[in-house]
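Let me begin by presenting the structure, written as structure tokens, before commenting on it.
The values are calculated or read from the model by the stated rules, or taken from the named source; none is laboratory data. Quick caveat: nothing in here was measured; it's all calculated off a predicted structure. We place every Cβ from the backbone using ideal geometry, glycine too, and count neighbours over all the protein chains shown.
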Amino acid sequence: MMQPAGPPAAAKENEFCAILDFGAQYAQLIARRVRESRVYSEILPSSVPASALRARKLRGIILSGGPCGVYEDRAPAFDPQIFRLGVPVLGICYGMQLGCQVLGGDVQPAKAREYGPTSLEIEAKGDPLFEGIGDRLQVWMSHGDSVVRIGERFRVLARTQNTPLAVVRSEEGAFYGLQFHPEVSHTRDDGKLIRNFLYKVCGFSGDWRIEDYVAGAVQEIRARTKGARVVCALSGGVDSSVVALLVHRAIGDRLTCIFIDNGLLRRGERGQVRALFESRFHLDFRCVDAGDRFLEALAGVEDPEEKRKRIGRRFIEEFRAVAEEIPGAHFLAQGTLYPDVIESVAAHGGPTATIKSHHNVGGLPAELGFELIEPLRLLFKDEVRRLGKSLGLPEEVIARQPFPGPGLAVRILGPVTRERLELLRSADAIIQEEVRQWSDYARIWQSFGVLLPIRTVGVQGDQRTYDNVLALRVVDSTDGMTADWIYLPHEMLRRISSRIVNEVPGINRVVLDISSKPPSTIEWE
Ligand code: XMP
């Protein structure tokens, strides 16, 4: 039976800030800002009962913004008992409006919808929320409704030209309401408002460290597995590598890592992963040489989605075959991250309005019959990287570019053959070598070649050639959801192109992809 794990032990013991999600695009950003302040935070559905929060080491609550108006029928609410938990509450935008309404105020559509930068005039300069901020602050507004009347024991702390009640405070329940968004970088306070709320108002000590997570997760994994074996599909990417090291730290040789070489990897990849996990970290590492079977499954297939489906199915079959050979394997460790968890919660009834579609990275289906361990399920990607560092994962793995599960198969347009794989692998190795020398290499999100399904005429020596074309794709991005092509130095472009056409027989032309995402995607398939 697949079962998601609860929060790791460390998360339960750390002081904790609850973020109630009313469907804000920015709920994740709030959680990140709070964690950057070394305060552990989790995003919870707005409907969470106050009693569920009481059981934890709660020190503060943030109510997020949201797309609804408080008077709409479908407007999400919260349990008003949270005001009786004895911890301060910060309401942002919709969270402010709802909090003010519950505490005796009124909300109405604003005369003018306010969107963008606005100057905030701070009246209550002595309030701990504004410590170190001064008289004025540029803040970021995005609202259609406003609070027009506040409850009796409220004070106005700051205003803007269009919004007289821009920051309010109620003595009762220590509620602060902000009409603007302190979590976005366009609010120019350098994170002070959120930090002041956490440290000065709530009294958090700021003791959340990623290293604490290791101890808690290790305890949790030991307690859950109770002597049973755990298997893990290790791809060598950051997430699965961190999962493997973390589970290994918890249960040592009771972990078996399964690396499936699908024959669609980049040059040298299998050897590097093996050297790291087998020779250096001494993990029980099983490598499956399945390239021929993947190629067979892909024979003659052109359609990108069909390629993905066949690769996914083959992967599961290969994994199942090895896992069945491991006696007592009861658990499967997987590198699910927090954004995936939040998205799937939202997709199944939470209020979050926009759900991005994302790829299933090495996900294995419930029918495999394992119980699931997801030790990264409460972490953001940058936290996973820090965790990897604290577990001794080398920098080159931590900084590794994302690589799609279906590998080079989605970078060979048209049917995948052994010969075309080898062509692309050779060109890709040159691209990686050259871009790594660039002083701005850290800017690159992904850099790779795409083998096109056309041939063009060339001339090499005295010979006419009629050969393949390679497209070079180099993009920057923060999360893969949007991306832009990078202006590479001409000298580097020249070297890449000239090396590929000279060193890789079979490619006689290199072109540069200068499209952003959207409207294009990062991969070509
Ligand atoms: P696109 O091409 O959709 O890619 O802009 C966004 C990010 O996802 C990666 N990608 C995949 N990852 N399986 C994966 O595990 C896939 O099928 C897949 N397709 C794209 C892509 O490399 C980029 O980082």
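Which residue out of ARG455, ARG464, ARG473, ARG443 is more than 19 Å from GLN401 (Cβ to Cβ) and in contact with an Asp or Glu (Cβ under 9 Å, 6 or more places away or on another chain)?
On the way: ARG464 fails: in contact with an Asp or Glu (Cβ under 9 Å, 6 or more places away or on another chain); ARG473 fails: more than 19 Å from GLN401 (Cβ to Cβ); ARG443 fails: more than 19 Å from GLN401 (Cβ to Cβ).
Step by step, each of ARG455, ARG464, ARG473, ARG443 is checked, and only ARG455 is more than 19 Å from GLN401 (Cβ to Cβ) and in contact with an Asp or Glu (Cβ under 9 Å, 6 or more places away or on another chain).
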Subject >> Among the candidates ARG443, ARG455, ARG464, residue that is within 16 Å of the ligand (Cβ to nearest atom), more than 20 Å from ARG266 (Cβ to Cβ) and either in contact with a strand residue (DSSP E or B) (Cβ under 6 Å, 6 or more places away or on another chain) or of a type in the set (Lys, Arg) (or both) >> reply: ARG443
Subject >> Leading residue by the ranking (surrounded by the fewest Cβ atoms within 10 Å (Cβ to Cβ)) among those in region 279-295 that are in contact (Cβ under 8 Å) with a residue 24 or more places away in the chain and in a helix (DSSP H, G or I) >> reply: ASP292
Original post:
Inside region 337-348, can you point out the residues that are at pLDDT 75 or above and within 16 Å of the ligand (Cβ to nearest atom)?
Top reply: LEU337, PRO339, ASP340
Original post:
Looking at (1) within 27 Å of the chain's Cα centre (by Cα); (2) surrounded by fewer than 18 Cβ atoms within 10 Å (Cβ to Cβ), can you tell me which one CYS232 breaks?
Top reply: (2)
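Answer with yes or no whether ARG113 is in contact with a His (Cβ under 9 Å, 6 or more places away or on another chain) and among the basic types (Lys, Arg).
Values: in contact with a His (Cβ under 9 Å, 6 or more places away or on another chain): yes; among the basic types (Lys, Arg): yes.
Answer is yes for this residue.
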Original post:
Is there a residue in region 510-520 that is away from the ligand (no atom under 12 Å from the Cβ) and under 28 Å from GLN28 (Cα atoms)?
Top reply: no
Original post:
Somewhere in region 349-359, is a residue under 30 Å from GLU324 (Cα atoms) and either modelled with pLDDT under 95 or in contact with a helix residue (DSSP H, G or I) (Cβ under 8 Å, 6 or more places away or on another chain) (or both)?
Top reply: yes
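Only one of SER37, SER47 is over 23 Å from LYS200 (Cβ atoms) and of a type in the set (Gly, Ala, Ser); which?
Residue meeting the stated conditions: SER47.
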Subject >> Failed criterion for SER46 (all others in (1) over 26 Å from SER142 (Cβ atoms); (2) of a type outside the set (Phe, Trp, Tyr); (3) touching a residue at least 60 places away in the same chain (Cβ under 8 Å) hold) >> reply: (1)
Original post:
From the list VAL384, VAL410, VAL416, VAL397, which residue is in contact with a Ser or Thr (Cβ under 8 Å, 6 or more places away or on another chain) and among the aliphatic types (A, V, I, L, M)?
Top reply: VAL397
Subject >> Residue list for region 482-509, restricted to those being away from the ligand (no atom under 16 Å from the Cβ), of a type in the set (A, V, I, L, M, F, W, C), touching a residue at least 40 places away in the same chain (Cβ under 8 Å) and closer than 15 Å to ILE444 by Cβ >> reply: LEU488, MET492, ILE496
Original post:
Of the residues in region 361-407, how many are in contact with a strand residue (DSSP E or B) (Cβ under 9 Å, 6 or more places away or on another chain) and either within 20 Å of GLN446 (Cα to Cα) or within 16 Å of the ligand (Cβ to nearest atom) (or both)?
Top reply: 5
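With the structure loaded, tell me whether PHE281 is among the aromatic types (Phe, Trp, Tyr) and under 19 Å from VAL322 (Cα atoms) or whether it fails that test.
no
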Original post:
LEU198: under 29 Å from SER37 (Cβ atoms), in contact with a Ser or Thr (Cβ under 7 Å, 6 or more places away or on another chain) and surrounded by 18 or more Cβ atoms within 10 Å (Cβ to Cβ), yes or no?
Top reply: yes
Subject >> In region 257-278, the residues that are more than 20 Å from VAL322 (Cα to Cα) and assigned to a helix (DSSP H, G or I) >> reply: GLU269, GLN272, ALA275, LEU276
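Return yes when VAL435 is within 16 Å of the ligand (Cβ to nearest atom), touching an Asp or Glu at 6+ places or on another chain (Cβ under 7 Å) and either touching a residue at least 12 places away in the same chain (Cβ under 8 Å) or of a type in the set (D, E, K, R) (or both) and no when it is not.
Details: within 16 Å of the ligand (Cβ to nearest atom): yes; touching an Asp or Glu at 6+ places or on another chain (Cβ under 7 Å): no; either touching a residue at least 12 places away in the same chain (Cβ under 8 Å) or of a type in the set (D, E, K, R) (or both): yes.
No; evaluated as a whole, the condition is false for this residue.
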Original post:
Any idea which of (1) buried (at least 17 other Cβ atoms within 10 Å of the Cβ); (2) touching a Phe, Trp or Tyr at 6+ places or on another chain (Cβ under 6 Å); (3) under 18 Å from ASP212 (Cα atoms) is the one LYS57 doesn't satisfy?
Top reply: (1)
Subject >> Of the criteria (1) out of contact with any helix residue (DSSP H, G or I) (no Cβ under 9 Å at 6 or more places or on another chain); (2) not in a loop (DSSP other than H, G, I, E, B), which one ARG188 fails >> reply: (2)
